[in-house]
Amino acid sequence: MLDTALVSLHKTESITDFNPKRVKKYALIWCQEGNLTLEVDHKMLTLSQNQVVTITSGQYHAFKNTKNSKGYLLQFTLDYICKTEKDIELIFQNSLFCHFDYNEIISCTNKTEIEEQFLKIENELRCKPYQYLEAIHARIELLLFTVNRAKIENGGEIWKPEALFLRFLEFVRNHFKKNYTLKEIAKQLQTTELKLNELAKLHAGKTAQNVLFGLVISEAKRKLHYENKSIKEIAYELGFKDPYYFSKFFKNHTQISPTDYLKEKSM
């Protein structure tokens with residue numbers, strides 16, 4: 001493992017911790033050889049040779065089988081990688097790290113190019129030469145260019161969200177407990193509800209309020225599935241003062257109560 005506060009690199013074959021975890025970093029996992037099985041937000045995924053999956057900050061993930069594989073786990077903070085609005089748009093372009101409820105497995109063709117970037121990032125982290133963090137930043141961008149191109153080659157649509165919409169998503173993810181209204185979020189982002197709705201309809205096909213609700217439901221499912229807490233505790237952590245209202249909200253959006261969701265998890 002090669003690690004700094006901003007960026008880290010692990011060889012998947014050396015991973016020994018198979019417990020679900022969530023970190024405030026974005027992750028790119030590449031299966032170089034063999035098959036790699038992992039769980040992301042209670043969904044099982046299997047990567048084959050030269051396939052990539054990305055994980056958004058805050059998603060629970062766990063490796064399940066690394067014995068028959070070889071590859072890399074690259075993690076970095078949003079602040080490190082996104083120094084400009086252009087960087088923000090690159091990170092989330094083509095839904096690369098913009099997961100509402102699905103982490104797409106992307107098949108890549110240029111194995112040599114991907115391997116070269118990982119080896120160079122590995123060397124930069126090991127030796128830490130002058131401006132190594134700047135060099136790694138550039139190499140991560142090259143990796144993302146390669147993965148984005150592969151996604152388009154595989155028939156994916158070009159999706160270029162505006163930085164403001166992405167800041168909206170990140171703000172919601174980082175402030176669940178505050179339970180901000182859409183009006184308050186718009187004020188915090190120095191924009192208007194009208195603008196957020198315009199961007200949400202353009203990039204997600206729904207209103208900003210419904211995007212907000214969807215993010216809350218995804219977080220509720222994570223907490224119910226992975227955290228050993230009562231429904232009352234989870235409700236408060238998501239900004240609901242009344243657990244009954246949280247249960248009603250959850251059922252309205254998922255057609256199942258939090259209690260029944262927990263029962264299904266244990267089956």
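Taken together, the residues in the stretch 79-132 that are at pLDDT below 85 and β-branched (V, I, T) amount to 3. In the set (1) surrounded by 15 or more Cβ atoms within 10 Å (Cβ to Cβ); (2) part of a helix (DSSP H, G or I); (3) touching a helix residue (DSSP H, G or I) at 6+ places or on another chain (Cβ under 9 Å), L194 fails one condition alone, (1).
Might you check whether a residue that is assigned to a helix (DSSP H, G or I), closer than 20 Å to F97 by Cα and among the small types (G, A, S) occurs anywhere in the stretch 221-240? No.
Looking only at the stretch 109-120, decide whether some residue is more than 16 Å from L6 (Cβ to Cβ), in contact with a helix residue (DSSP H, G or I) (Cβ under 7 Å, 6 or more places away or on another chain) and not in a helix (DSSP H, G or I).
Taking the stretch 109-120 first, the residues more than 16 Å from L6 (Cβ to Cβ) are 109-120.
Narrowing the set further to residues that are in contact with a helix residue (DSSP H, G or I) (Cβ under 7 Å, 6 or more places away or on another chain) leaves 109-110, 113-114, 117, 120.
Remaining after also requiring not in a helix (DSSP H, G or I): 109-110.
For the stretch 109-120, residues more than 16 Å from L6 (Cβ to Cβ), in contact with a helix residue (DSSP H, G or I) (Cβ under 7 Å, 6 or more places away or on another chain) and not in a helix (DSSP H, G or I): present.
Across the stretch 155-191, the qualifying residues are those that are among the acidic types (D, E) and part of a helix (DSSP H, G or I), and the one among them that is farthest from S218 (Cα to Cα) is E184. Among the residues of the stretch 207-214, some residue qualifies, meaning at least one is under 22 Å from the mean Cα position of the chain (by Cα), assigned to a helix (DSSP H, G or I), small (G, A, S) and at pLDDT below 95.
Could we say that K86 is assigned to a loop (DSSP other than H, G, I, E, B), among the basic types (K, R) and open to solvent by 20 Å² or more (accessible area, probe 1.4 Å) here? So K86 fails the test. Looking at the structure I just gave you, is L2 open to solvent by 10 Å² or more (accessible area, probe 1.4 Å) and farther than 27 Å from N228 by Cα? Yes. The combined condition, being more than 14 Å from the chain's Cα centre (by Cα) and not aromatic (F, W, Y), is fulfilled by K86.
Close contacts from the stretch 1-22, counting a first residue that is free of Cβ contacts under 8 Å to residues at least 24 places away in the same chain and of a type in the set (V, I, T) and a second that is in a loop (DSSP other than H, G, I, E, B) and open to solvent by less than 70 Å² (accessible area, probe 1.4 Å), with Cβ to Cβ under 9 Å and a gap of 6+ residues or different chains, come to T16/T66. Residues that are open to solvent by 60 Å² or more (accessible area, probe 1.4 Å) and touching a residue at least 12 places away in the same chain (Cβ under 8 Å) were ranked within the stretch 116-144; the one that is farthest from G34 (Cα to Cα) is R126.
Exactly one residue out of S218, S257 is over 30 Å from E162 (Cβ atoms) and open to solvent by less than 60 Å² (accessible area, probe 1.4 Å): that is S257. Does L182 satisfy being in contact with a Leu (Cβ under 9 Å, 6 or more places away or on another chain), at pLDDT 95 or above, over 27 Å from H61 (Cβ atoms) and aliphatic (A, V, I, L, M)? Answer is yes for this residue.
The values are calculated or read from the model by the stated rules, or taken from the named source; none is laboratory data. Nothing here was measured: the structure is a model prediction, and the numbers come from that model. No Cβ is skipped: glycine too gets one built from the backbone with ideal geometry, and neighbour counts run over all protein chains shown. When the accessible area is computed, the model is the full protein with side chains, heavy atoms only, and any ligands, DNA or RNA have been set aside. Shrake-Rupley method; radii C 1.70, N 1.55, O 1.52, S 1.80 Å.
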